[in-house]
Amino acid sequence: MKRPLILIFTTMVCLPTMANAAGNRGSLYTNVGATLVSNDSNQETAYFIQAGYNYQMTKLLSADVSYKRVETFNSSVSANSDDFVQTYDAYGLGVRVDQQVGLLGIYGKAGGSYISSETTVWDTVAGAKKTETDDSFKPYASAGVSLMSPMGLVLDAGVTYQLLPNDEHATSFNAGARFAF
């Protein structure tokens, strides 16, 4: 767990320095949204918060570093149910491609996330809750639209598909803002 955190922290510290030296722009962003987490044949709705940093390498290409916290709305499982409870932290590193057309823009993003996940289900054999934890590195992909506004503020909305540990996956819908500097 410490290795990915050190890598992400080092990247976040170094990118602003490189951006300043090269005269390129960086942007901080935050997103909130809803996520549909799929666990085998079951699905649960979750909410998330995300914060990140983009370092613009060229006019179209940016490096992206982010942290995302996801929790299902269900906070507990009941006896003999198919429901599950899941929380995960995703530390992402990826590449973002932007295309601006006036005030509107479209973007695509892909990369990998170090995910620390905890899932609780009802174990019918044991007659009790069963909690599994897993840490792994999984890919993600995103697409979205953005709207430029005055003073460096950019509003955006998008969708993200993230593979999760234990053959699970999540589809997230987000809205957020970026502040470019």
Charge dipole magnitude, Cβ of K and R +1, D and E -1 - the chain, Cα centre, debye nearest 20: 940 debye
Lys/Arg +1, Asp/Glu -1 at C-beta; the chain dipole; positive extreme among 152, 84, 34: 152
Gyration tensor verdict on region 40-127 (Cα atoms; rounded if a/c is under 1.5, prolate if a/b is larger than b/c, oblate otherwise): prolate
Calculated P(r) of region 119-181 - Cα pairs past 16 Å, %: 65 percent
Dimensions in Å of the chain - Rg and Dmax from alpha carbons: 18.0, 61
Folded to 0 to 90 degrees: helix 2-22 orientation relative to the chain principal axis, Cα: 10 degrees
Inter-label distance, nm, simple model (7 Å from Cα along the C-beta direction), residue 133/residue 49: 2.2 nm
Label-reachable residues, region 139-174, where backbone N falls under 19 Å from a point 7 Å from residue 104's Cα toward its Cβ: 143-150, 154-159, 174
Under 29 Å from the Cα of residue 109 - lysines, other chains or at least 8 residues apart: 2, 59, 68, 138
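Each reported figure results from applying straightforward, stated rules to the coordinates on display, with no laboratory input. Computed from a prediction, not measured in an experiment: that's the story for all the values here. Note: ideal-geometry Cβ built from the backbone for every residue, glycine included; neighbour counts use all protein chains shown.
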